[in-house]
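Colleague: Pasting a structure here, questions to come.
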Amino acid sequence: MDEFAVAVIGAGPAGGQCARQLAQRGIPVLLVEQHSNFSQNNYSSAASPLETMALFDLPPGVVARYWTNLAIAATEKEQIWYGDQPRGVVFDFAKLRQFLADSVEQAGGQVWLGHRFLAYKQVENGLEVTLRRSPAEKVTVKTQVLIDATGSKRAVINYGQNGQTIKADSSKYYRGIGTEYLIRVDQNIHQKFADTLVFFLGYRWSPQGYSWIFPMDNQQLKVGTAIFAGQHRYLGQLKPIRFYTEAIIRNYLRLEKNQYKLEEIHGSVLNYAVNQGDTYHRGPVVAIGDAVSTVNFLGGEGIRHGMQGANIAIPFVVDYLQGDPQAFEKYEQAMKAHFAEPWQRTENLSQRVYLEFGDRQIDLGVTYLSYLDYDDVLDLLFHYRFDRIYGGITPLLLKKFAQFSQQCRRWLRNLRRFFLI
Ligand SMILES: Cc1cc2nc3c(=O)[nH]c(=O)nc-3n(C[C@H](O)[C@H](O)[C@H](O)COP(=O)(O)OP(=O)(O)OC[C@H]3O[C@@H](n4cnc5c(N)ncnc54)[C@H](O)[C@@H]3O)c2cc1C
């Protein structure tokens, strides 16, 4: 039986980054992925701020496109902020995960694609983990630490020792459903969107969620929609999710079906535990990434945060291997110290924006954002710096004051005309 110090199940951004870091520290690690290659399960839109590249030492080869501008379109109001240099990337999600897996192997770790986690059991000095290699073949490995990086599925941490999945209480989760079309468009259309992330809010485009157009290379665009599950305060039955994505292609990009090539439809479901209510560890079984809700539910950004969570876990995995039995308690505390406060705020805000706001409120919100400068908007959306919102008050007041004094001048002019003075 093969033996490892750590087995990481799931080669998404969190699992890949975790295994890469462990391998680079010389720790014997196995990275396991159920799919046999990374073009499968290529579900993420994969936009990220530019800092992600340096933060995780990523090469330009994993980037499909750099973005410079940001636009938000609501029912009545549309605002675009222009930059003069790249502010972020749209990853090629398959290449990003492939790069992380390759780095694991280069640093001496092992990567087993096409292996699905089935079960684990406690044995003397560790855990025995059973994987399905093919429909007919199972394989068992031994490990000291078992890491659940299976994303929203939480396949390992929710595995009960009796072989039954531990049932999650659905009232403790927010659920988001996302579907995306990868389309190939002609050069002119691609050029128009090549440097810009466009987000859609509001009832006209994306009731009960948000939609997007992100640029890729090779004349491709990603057009998608995410819907926040639950009963909206004002809205009734929604249309199927594809309806909203197709409406954006038709009514915003102004493309009929024969004017673009649909190359792929992909998507996934995000289950986010309310109030950081996840199980972070059970003995030497530890969860990272979306398995502990590192995705930010307001805008669905999860790659950077999943990788960040993996980095937070590393020293505690090392401490555990060196004999600290309390290491994973401390991991949970460290994760909460990093995520709890901003995640709590964005959790509440997303609940209000996607399930409670009227369309007019969303339009007013976007109108208000239009008074913020670009850096403040990016800080707000990517660093959850809600204090940046105050930056809009001065320009808004100045504009209102200018409008008011213009109005006064008009009244005065009319008065003078009226009294012939
Ligand atoms: C439609 C959509 C669009 C998104 N767009 C963005 C975006 O623009 N920017 C951004 O930052 N984030 C985005 N996200 C979120 C982001 O993709 C996730 O938060 C991120 O990928 C989570 O990383 P992870 O490694 O924790 O989990 P995942 O990426 O879900 O990886 C989990 C891996 O575990 C594997 N696995 C599952 N079960 C088993 C098993 N039993 N055995 C073996 N392997 C298993 C899966 O195949 C998968 O490869 C989007 C999400 C969706 C659904």
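The values are calculated or read from the model by the stated rules, or taken from the named source; none is laboratory data. Keep in mind that what you see is a predicted model, and the values were worked out from it rather than measured. All Cβ positions, even for glycine, are placed from backbone atoms using ideal geometry, and neighbour counts span all protein chains on display. Quick note on the areas: whole protein, heavy atoms, side chains included, nothing else; ligands and nucleic acids left out. Shrake-Rupley method; radii C 1.70, N 1.55, O 1.52, S 1.80 Å.
Colleague: Would you please put 208-221, 240-253 in order of how densely packed they are, using the mean number of other Cβ atoms within 10 angstrom per residue and starting with the highest? The partial results should precede the final answer.
Modeller: Working: 208-221: 21.4, 240-253: 17.2.
Ranked by mean Cβ neighbours within 10 Å, highest first: 208-221, 240-253.
Colleague: Let me ask you something else. Highest mean first, what order results for 141-152, 272-283 on Cβ atoms within 10 Å?
Modeller: On the way: 141-152: 25.1, 272-283: 18.2.
Peptide ranking by packing, descending: 141-152, 272-283.
Colleague: Sticking with this one: Simple spin-label model, 7 Å along Cα-to-Cβ: K192 to A119 in nm?
Modeller: It works out to 5.7 nm between the two label points.
Colleague: Okay, next question. Along each principal axis of its Cα atoms, how long is the chain end to end? Whole angstroms, biggest number first, please.
Modeller: Result for the chain: principal-axis Cα extents of 101, 49, 42 Å.
Colleague: Shifting gears a bit: Which length gain, in nm to one decimal place, applies between Q406 and S39 when the Cα-Cα distance is subtracted from 0.36 nm times their residue separation? Working shown, then result.
Modeller: Details: separation 367, 0.36 × 367 = 132.12 nm, distance 5.85 nm.
Gain on extension, Q406 to S39, equals 126.3 nm.
Colleague: Here's a follow-up. Which cross-chain or sequence-distant (5 or more) residues have an amide H under 5 Å from the amide H of K138, H modelled 1.01 Å from N in plane?
Modeller: Distant-sequence amide H within range of K138: R133.
Colleague: Quick check on my link table: of K222/K336; K95/K222; K167/K222; K95/K261; K192/K257; K153/K192, which ones sit more than 27 Å apart, alpha carbon to alpha carbon? Don't jump to the answer; show the numbers that get you there.
Modeller: Numbers: K222/K336 33 Å; K95/K222 16 Å; K167/K222 34 Å; K95/K261 22 Å; K192/K257 19 Å; K153/K192 37 Å.
Violating the 27 Å limit, Cα to Cα: K222/K336; K167/K222; K153/K192.
Colleague: Taking all protein chains in place and a 1.4 Å probe, what share, in percent, of the accessible surface of the chain do carbon and sulfur account for? Before the final figure, lay out the partial values.
Modeller: Values: 10000 of 19940 Å².
Here carbon and sulfur together make up 50 percent of the probe-accessible area.
Colleague: At 0.36 nm per residue, minus the direct Cα-Cα distance, what do D217 and H338 gain on full extension? Give it in nm, one decimal, please. Mind dumping the intermediate values first?
Modeller: Details: separation 121, 0.36 × 121 = 43.56 nm, distance 3.41 nm.
Full extension from D217 to H338 adds 40.1 nm.
Colleague: With every protein chain present, what is the per residue accessible area of the range 56-120 (1.4 Å probe, Å²)?
Modeller: Working: 2750 Å² over 65 residues.
Computed with neighbouring chains in place, this is 42 Å² per residue.
Colleague: Now, a different point. Lys/Arg Cβ at +1, Asp/Glu Cβ at -1, dipole of the chain taken about the Cα centre: which of L131, G114, S45 is farthest positive-ward?
Modeller: After comparing all options, I get S45.
Colleague: Using the charge dipole of the chain (Lys, Arg: +1 at Cβ; Asp, Glu: -1 at Cβ; taken about the Cα centre), state which of G309, G236, N414 has its Cα farthest towards the positive end.
Modeller: Farthest towards the positive pole: N414.
Colleague: Given Cβ point charges of +1 (Lys, Arg) and -1 (Asp, Glu) and nothing else, what value in debye, to the nearest 20, does the dipole of the chain about its Cα centre take? Each step should come with its number before you reach the end.
Modeller: Numbers: 45 positive and 41 negative charges, 382 e Å.
Taking the Cα centre of the chain as origin, the dipole is about 1840 debye.
Colleague: For the range 263-316, what is the accessible area per residue in Å² when the probe is 1.4 Å?
Modeller: Values: 1350 Å² over 54 residues.
Counting only protein heavy atoms, the per-residue value for the range 263-316 is 25 Å².
Colleague: On to the next question. Taking R0 as 56 Å, what's the FRET efficiency between K172 and N414 from their Cβ-Cβ distance, rounded to 0.05? Before the final figure, lay out each step's value.
Modeller: Values: r = 62 Å, r/R0 = 1.11.
E between K172 and N414, to the nearest 0.05, is 0.35.
Colleague: Which one of T140, G176, F91 has its Cα pushed farthest toward the positive end of the charge dipole of the range 70-225, where Lys and Arg give +1 and Asp and Glu give -1 at the Cβ?
Modeller: T140
Colleague: Can you check what the net charge comes to around K142, using other residues whose Cβ is under 9 Å from the Cβ of K142 (Lys, Arg +1; Asp, Glu -1)? If you can, show how the numbers build up before the last one.
Modeller: Values: positive: none; negative: D2, E3, E128.
Around K142, the surrounding residues sum to -3.
Colleague: Out of all DSSP beta bridges with both ends in the chain, state the antiparallel percent to the nearest 5.
Modeller: Values: 60 of 82 bridges.
So the antiparallel bridges amount to about 75 percent of the total.
Colleague: Right, next: Net charge near R133, counting Lys/Arg +1 and Asp/Glu -1 over other residues with Cβ under 14 Å of its Cβ?
Modeller: On the way: positive: R116, R132, K138; negative: D2, E33, E137.
Local charge sum for R133: 0.
Colleague: Within 10 Å, count the other beta carbons around each residue, average over each peptide in 296-307, 118-129, and list them highest first.
Modeller: On the way: 296-307: 22.8, 118-129: 14.5.
Averaged packing, sorted descending, gives the order 296-307, 118-129.
Colleague: Return a whole-number percent for the relative contact order of the chain, with Cα pairs under 8 Å and 6 or more residues apart as the contact set.
Modeller: It comes to 18 percent, rounded to a whole number.
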